[in-house]
């Protein structure tokens, strides 16, 4: 993130580290803290806590307020009034809620880890969280209003606790070049011929 060059600074490039690299979660402004959310909506999936072990299990069932295409809450400002068990992530809870996905920006920063390449703060594009396969887009079975408690118990999934293959690494995967760019010729059918 480059700082604007002031008069007299011509020819001098000054850059500042992004806020998420220089501030703790507790030091961030409210707006900065909100921007740490990557928009994956994994935390908006219904979860079931095992009463005996305390282990939290994810389901593929979305909160009734979740827009599963946009991966955004339909009523974010009033969500806790409309969904009393909606949990608010804070700098403290980001450190203690072990059920947060390993991809969660809050969890990563709380653990002193860098954000992944697909995080909108890093990529500059809110679509990269979907491109990398991290978001819940296209992966939910429906809204919690569509399932009974018994049905929810049969909707347990493990993928929210996993890092998708397309999301690994700190840089985006390289795009594969076409055969012609790799020095291969093609003939009619598109099958590459041996290198000459």
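Bear in mind these aren't lab numbers, they're just calculated from the coordinates by the rules spelled out. Remember, it's a predicted structure, so these values are computed and weren't measured experimentally. In this analysis, Cβ positions are derived from the backbone assuming ideal geometry, glycine residues included, and neighbour counts consider all displayed protein chains.
Listed values, structure above:
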quantity: Inter-label distance for residue 51 and residue 163, nm, one decimal - labels placed 7 Å from Cα along Cα-to-Cβ; calculated: 3.7
quantity: Residue 154 paired with residue 171, simple spin-label distance in nm, labels 7 Å along Cα-to-beta-carbon; calculated: 4.8
quantity: Relative contact order [Cα under 8 Å, 6+ residues apart], the range 1-158, whole percent; calculated: 28
quantity: Three semi-axes of the equivalent ellipsoid, the range 25-167, Cα gyration tensor, whole Å, largest first; calculated: 23, 17, 16
